[in-house]
Each structure stands twice: as structure tokens, then as C-alpha cells.
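The structure appears right after this line, and notes come after that.
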Amino acid sequence: MITSLLVANRGEIACRVFRTCRELGIRTVAVHSDADENALHARVADAAVRLPGAAPADTYLRGDLIVKAAVAAGADAVHPGYGFLSENAGFARAVLDAGLVWIGPPPEAIEAMASKTRARELMGMPSLQEVTEADLPVLVKAAAGGGGRGMRVVRRLADLEASLAAARAEAASAFGDGEVFVEPYVEGGRHVEVQILADTHGTVWVLGTRDCSLQRRHQKVIEEAPAPGLPETLTEELHTLAVRAARAVDYVGAGTVEFLVAGDKPHFLEMNTRLQVEHPVTEAVFGIDLVALQIRVAEGHALETDPPRARGHAVEARLYAEDPATGWTPQTGTLHRLSVPSAVRLDTGHEDGDEIGVHYDPMLAKAVAHAPTRAEAVRKLAGALERAAIHGPLTNRDLLVRSLRHEEFVTARMDTGFYDRHLAHLTDPAPDPYAPLAAALADTHARSRFGGWRNLPSQPQVKRYAMAGREHEVRYRHTRTGLEADGVRVVHADARLVVLEVDGVQRKYEVESYGDQVYVNATALTALPRFPDPAAQHAPGTLLAPMPGTVVKVAEGLTAGAAVRAGEPLLWLEAMKMQHKIAAPHTGTLTALHAAPGTQVEVGALLAVVEVSQEDQ
């Protein structure tokens, strides 16, 4: 009987496992890097152990330190979560050799499936050994791990070597294993997976399908269960293949078999020998707790002969601190507030006031809606995200809401190319035009006890805000009857709530301010000084670091004075285990280069300057 459990992970999944442990009466142990000393997962555990010595990005890959931490804390068992060492057979063996219970499949099963090259061979689908023009497009993929790291789509043979090198570097950084392989890239397919759960007594449950087709950088963004619109015969085939994969390696515990479905033909991708990020949608549909079942199976208990019946539909959206409009660049800073309506489930590893740093994945939370039908679940989730208060780094919230309401998604006609086709439209800003006025009125009330009314007519008050990349100027007056703005009746205004009437319709605006950052309902603004400092302006062509990170590569032969073309890659930054390309903003001459491999940069740091060529002026 397990009485104390260590989670060899961080953030949201550690908090998720701890929640079930508390319900089961199991004591919890967290491990943390120096960067995570005050992270939520370390704060909520019954005990926490610092992992010494390693760099923050590598800390959770130190299996030896984690096993020592479990023994020192008196834990009976180790749960690996997802990512990091969750599919590392050597780590699983080390846990078992220390006399601890491993909450996962046998090391032999992990070895057979954790390497995607070996898994494909086991399923009769070997990877490409040599790539020719006829094979294009192809996908370069990390043999270990997942989450979109170490993956590149290659459409030109000339790009293959560079893609292989970049994928190896990313895979080695994220998983400690730089092995990659190449497989055919299926255009226009759907990403469909099957959840399984197996015990030590020979029972294998199939817990339905999930569709995870909406992805960025090959990492899932929106997932749902069951996968909509699959023919019954295809669903049965997927279930059969999943059970075959589990039995082929004597699988035990929770696992997921992933497929790319093109038409009615499934293409095996991989088997993930761990809990998936998207497991909550399966839990919602089947009314189960997969973590509790993982623990029960690890204790040697038998599953019932048949799994519970599926009921309704569930949809999950991953909320990331990132800017989808600028290459999905991660965002950092203080998360002042994260509040989502209670109608949906929220799994998160953050609380208000937490700092979102550069070392780890930028996922803030997962929001999950369950309802009797797919249409109701989708509507419920979109509405909850739209009403959520998310104050801090820029997030993908607006993208999620628009994606959920896009006709292609609503009618279940999406595939893995969804964002390739629709990203520009989905990220086209459409902020509330009255948000700056509401912000200005709230600020005026907060700064003035008496409201600023004058007996004689005066010049209008003027405030400036940046909103969705543009500057907006707001003008309003104090009168005998209150605040006035052109074309708008101010019904109510205080420091937190503004009510405006436009064309006979009254609308409420909730306002929160944190320094010069202002949030009006779901719109983020930045208060600007009335008279900007000219010295603070950057010349056209100035390239600033979009995030804190490390310069890992500069384009070969690139030096000051070189001619560059618009869109040409100049250098690459690594942040949150991903490499981010910094490209020339226009054709011209590189007049300054302030970056070199290994350089640590903060957000806003000057990287390079490209002066526009004379013919383009």
C-alpha cells in the first residue's frame, strides 16, 4: 500500500497528481530546481526536495538526484508525470532498484516503445533510411520524448541536413537524447489517439479515442474526446491496433497509442508510455480518475473486466504564455491573475503572482469542458475562456476562443494543417474599440478624489494607450453632469468598473491595472506617456530579443556589412527548450550584430540592426 509518493516532475502535472494523492490520503513529495523553489508544485506538496547542481533546464532530467530525493523523503513510490524522464527506462529501473514503486509500465515496455524508431519497427512501419525527392515532404522527429520538440517538416531536400541538426539539438536539450529519425509526412491528416489502461492480471481497457489535430509546432493545442466523425469500423480498427501494441510489450498502466488518420486509413505514429497532457478529456467522458487508477494498478489491484461507459463529450484547450502572431514566441513576466469560470475544469501549476520564466514549457493551464454533446462542450469552453481574467504575459487565449468558434472546427472538419491555413486570420486583432476609453475613465477616477470638475469649460483630458500593436488616443471632459466622451454616454465609472452606453446599449467594463499594464475585460492595454521620450524609440530595422534566452546559433558567415534579404534567418534563440528563428525584417545591410553563440540575453536586448536598402526606401 502506497502511503507517500514523489512526483518526478514540475508544474501542472505535479499539482494534478498531488490533487489525487490528497484525495487518496497519500502524502506528497515534490522536487524542484533552484528556479522552481517558489513554484506552486513545491508549495502545495507535503515535502519538497531541492535538486542541487544542475542547470534549471536540466534539473528534472537528473534521475539519480530524484531517486536520492525519494529515498531521503521516505517516499514509497515515484510518479513520472509527462515529459522529462517519464519515458526513460533507465530511470524506471533506478526507481525499482531503490525498492520504490514505479507508477508506470515495466522498463522493458518503455524500452520497446519509448524509442519511436523501435516502436515503428515493432508495428511493422520502419523509418526512412534515405530520403529522396520522391519521399518529400518528410518529418524529422526525435526518437525520445515528444511535445513538438525535435520535430521539423522538410519540403526541400536541400533543407534536410539543417533540419536534422536543429532537431538533434532540440531533442538533446529537452530529453537528453539527440537521436532523430525521418518518416513520411502525411498532409491533411487528423491526429487521433487511443487511451489504454492495463493491469498486471492481463486486462487491457480501451478508453475511447481523442482528436488532437489542432497543433502548433507539432504540439497539441486543443484536444477532445471522443474523436468526432470517425466511422465505426475505423474506430474499431484503432482500438484493435492499440490493444495489439499494449499486449506486444506486456504493457501495464496508462498509455496512449497515437495515429495519423488520412481518410479512413490509420498511420501509426507512436505509443506514449505515460500519462498524456490531454488525459482530462478522457477522465471527463468516462467519469474516472486516471491517476488514481495508475496508482491502483501499481499496487497490484485488478481492473474490472470491462471499462465504464463513455458519456457525453469533452474538449480541452491549452493556455500558453505565448504570442501566436509572432511565431508562437514564449512570453515571460508576472502572472498577476488567472481566473476561469468554475463551469469548466482548470488544471494549472500557477497561482496569482507567480513569475513565468524562460526555463520551461510556457503552458499556464488546461481548461476542460464536459457536456452531453460536442456542440455544447465547445460552446461552454469558448464562453469560459472568453470570460476568463488572465492578467500578465501575453497568451493564446484569443486564438483559442476563435479556434473553437471557427466553422471548420465547429463542423469537425479540422486536420493538422488547421493553423497553417487559418493562423493569420485567427490572430488578426479585433479588440474592443471602447476599451481605451474605459481604461482612461477608471484611471481618472482612481487618481482624483473629486472627479476633476471645473466651473468653466476646459480642454478635454487626453490619455494614450497601446492596444493590439497600435496607439489609441482617448479624449473626454468633466462636466456638471459627469464625464462625457464623443458619442458615448458614461453611465458609471469608478476605479474598477466602467459602464458605457453606445447606441442605446449599456456595456460593462471591468478594469484592473498593474503599473502601466491595464486589462479591460479580455483586452490588454499599455498606458503610454502623453509626451513620449524620443530617445526611447528604436530605429527601423532594429532587432530586439522577443524573449529571454540563449543565442545558440548565428547564420554561417554573417558579419556586420553583409547584405541580407527579408525573412532570411540571422540567428536562433533557445528558450523553453525550443529554438526560435530571428529573421531579417526587410532586405538591406546588416550594420550591427550584437549576438554570438552562447550569449544570454534578456527580453528587449539589442541583437542586430538591418538598414533598409536604398531601392526599397
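For the stretch 453-475, which positions are of a type in the set (D, E, K, R) and modelled with pLDDT of 85 or more? Scanning the stretch 453-475 gives Lys463, Arg464, Arg470, Glu471, Glu473, Arg475.
Selection of first residues in the stretch 176-198 that are more than 16 Å from Ala162 (Cα to Cα) and part of a strand (DSSP E or B) and of second residues that are among the aromatic types (Phe, Trp, Tyr) and at pLDDT 95 or above, restricted to Cβ pairs under 8 Å at least 6 apart or on distinct chains, gives the following pairs, ordered by first then second residue: Ile196/Trp205; Ile196/Tyr251; Leu197/Trp205; Ala198/Trp205; Ala198/Tyr251. Can you confirm whether Arg274 is within 28 Å of Val182 (Cβ to Cβ) and part of a helix (DSSP H, G or I)? Judged against the criteria, Arg274 is not a match.
Taking the stretch 71-82 on its own, how many of its residues are surrounded by fewer than 24 Cβ atoms within 10 Å (Cβ to Cβ) and touching a residue at least 60 places away in the same chain (Cβ under 8 Å)? Counting residues in the stretch 71-82 that are surrounded by fewer than 24 Cβ atoms within 10 Å (Cβ to Cβ) and touching a residue at least 60 places away in the same chain (Cβ under 8 Å) gives 5. Quick one: in the stretch 339-354, of everything that is among the charged types (D, E, K, R) and under 19 Å from Glu512 (Cα atoms), which residue is surrounded by the most Cβ atoms within 10 Å (Cβ to Cβ)? The extreme case among them is Asp354. Among all residues of the stretch 355-376, there is none that is farther than 21 Å from Ser213 by Cα, without any contact (Cβ under 8 Å) to a residue 40 or more places away in the chain and out of contact with any strand residue (DSSP E or B) (no Cβ under 7 Å at 6 or more places or on another chain). Sub-8 Å Cβ pairs linking a first residue in the stretch 315-342 that is on the phi > 0 side of the Ramachandran plot and assigned by TED's automatic domain parsing to the domain that holds Asp516 to a second residue that is surrounded by fewer than 19 Cβ atoms within 10 Å (Cβ to Cβ) and assigned to a loop (DSSP other than H, G, I, E, B), at least 6 apart or interchain, number zero. Of all residues in the stretch 499-510, those satisfying the criterion of being assigned to a strand (DSSP E or B) and acidic (Asp, Glu) are Glu501, Glu510. Picking from residues in the stretch 20-35 that are out of contact with any strand residue (DSSP E or B) (no Cβ under 6 Å at 6 or more places or on another chain) and touching a residue at least 40 places away in the same chain (Cβ under 8 Å), the one that is farthest from His79 (Cα to Cα) is Ala35. Taken over the stretch 476-488, the criterion of being over 18 Å from Val511 (Cβ atoms) and either at pLDDT 90 or above or in a strand (DSSP E or B) (or both) is satisfied by Arg477, His478, Thr479, Glu484. For Glu602, the stated conditions hold: it is at pLDDT below 90, touching a Pro at 6+ places or on another chain (Cβ under 8 Å), acidic (Asp, Glu) and at negative phi. Report yes if Ala560 is surrounded by 16 or more Cβ atoms within 10 Å (Cβ to Cβ), at negative phi and not acidic (Asp, Glu), otherwise no. The answer is no for Ala560. Among the residues of the stretch 261-288, those that are farther than 17 Å from Glu316 by Cα, surrounded by fewer than 24 Cβ atoms within 10 Å (Cβ to Cβ) and in contact with a Pro (Cβ under 9 Å, 6 or more places away or on another chain) comprise Asp264, His267. If you go through the stretch 503-524 and keep only what is farther than 13 Å from Pro436 by Cα and either touching a His at 6+ places or on another chain (Cβ under 8 Å) or surrounded by 14 or more Cβ atoms within 10 Å (Cβ to Cβ) (or both), you end up with Arg507, Tyr514. Looking across the stretch 389-403, the residues that are touching a residue at least 24 places away in the same chain (Cβ under 8 Å), within 22 Å of His422 (Cβ to Cβ) and surrounded by fewer than 22 Cβ atoms within 10 Å (Cβ to Cβ) come down to Leu394, Arg397, Arg402.
Given the criteria surrounded by 22 or more Cβ atoms within 10 Å (Cβ to Cβ) and of a type in the set (Gly, Ala, Ser), does Ala377 qualify? Answer is yes for this residue.
Of all the criteria given as (1) in contact with a Lys or Arg (Cβ under 8 Å, 6 or more places away or on another chain); (2) surrounded by 22 or more Cβ atoms within 10 Å (Cβ to Cβ); (3) outside any strand (DSSP E or B), the one not satisfied by Ile295 is (1). Looking at the stretch 399-416, which of its residues are among the β-branched types (Val, Ile, Thr) and closer than 28 Å to Ala468 by Cα? Hits for the stretch 399-416 are Val401, Val410, Thr416. Taking first residues from the stretch 462-473 that are assigned by TED's automatic domain parsing to the domain that holds Thr326 and partners that are crowded, with 17+ Cβ neighbours inside 10 Å and among the hydroxyl-bearing types (Ser, Thr, Tyr), no Cβ contact under 6 Å between residues at least 6 apart in sequence or on separate chains turns up. Whether any residue in the stretch 416-434 is under 24 Å from Glu283 (Cβ atoms), over 18 Å from the mean Cα position of the chain (by Cα) and either in contact (Cβ under 8 Å) with a residue 24 or more places away in the chain or surrounded by fewer than 22 Cβ atoms within 10 Å (Cβ to Cβ) (or both) is what I want to check. For the stretch 416-434, residues under 24 Å from Glu283 (Cβ atoms), over 18 Å from the mean Cα position of the chain (by Cα) and either in contact (Cβ under 8 Å) with a residue 24 or more places away in the chain or surrounded by fewer than 22 Cβ atoms within 10 Å (Cβ to Cβ) (or both): absent. For the criterion of being among the polar types (S, T, N, Q), surrounded by 17 or more Cβ atoms within 10 Å (Cβ to Cβ) and either out of contact with any His (no Cβ under 9 Å at 6 or more places or on another chain) or part of a loop (DSSP other than H, G, I, E, B) (or both), Thr256 fails. Scan the stretch 52-77 for residues that are among the basic types (Lys, Arg) and within 25 Å of the chain's Cα centre (by Cα) and jot them down. Across the stretch 52-77, the qualifying residue is only Arg62. Being farther than 30 Å from Lys141 by Cβ and surrounded by 15 or more Cβ atoms within 10 Å (Cβ to Cβ) is the filter here; which residues of the stretch 563-590 pass it? Scanning the stretch 563-590 gives Val564, Pro585, His586, Thr587, Gly588, Thr589, Leu590. Taking the stretch 585-605 as the range and being touching a residue at least 40 places away in the same chain (Cβ under 8 Å) and aliphatic (A, V, I, L, M) as the test, the residues that pass are Ala595, Ala596, Val601, Val603, Ala605. Scanning the stretch 511-525 finds one or more residues that are in a strand (DSSP E or B) and among the small types (Gly, Ala, Ser). Within the stretch 213-249, being at positive phi and either at pLDDT 95 or above or not assigned by TED's automatic domain parsing to the domain that holds Leu269 (or both) holds for one residue alone: Gly229. Scanning the stretch 154-175 for residues that are in contact (Cβ under 8 Å) with a residue 12 or more places away in the chain and either closer than 15 Å to Leu139 by Cβ or not in a helix (DSSP H, G or I) (or both) yields Val154, Arg155, Arg156, Leu157, Leu160, Ser163, Leu164, Ala166, Ala167, Arg168, Glu170, Ala171.
The values are calculated or read from the model by the stated rules, or taken from the named source; none is laboratory data. Model, not experiment: these values are computed from the prediction. Methodologically, a virtual Cβ is constructed for each residue, glycine included, from the backbone with ideal geometry; neighbour enumeration extends over all protein chains shown.
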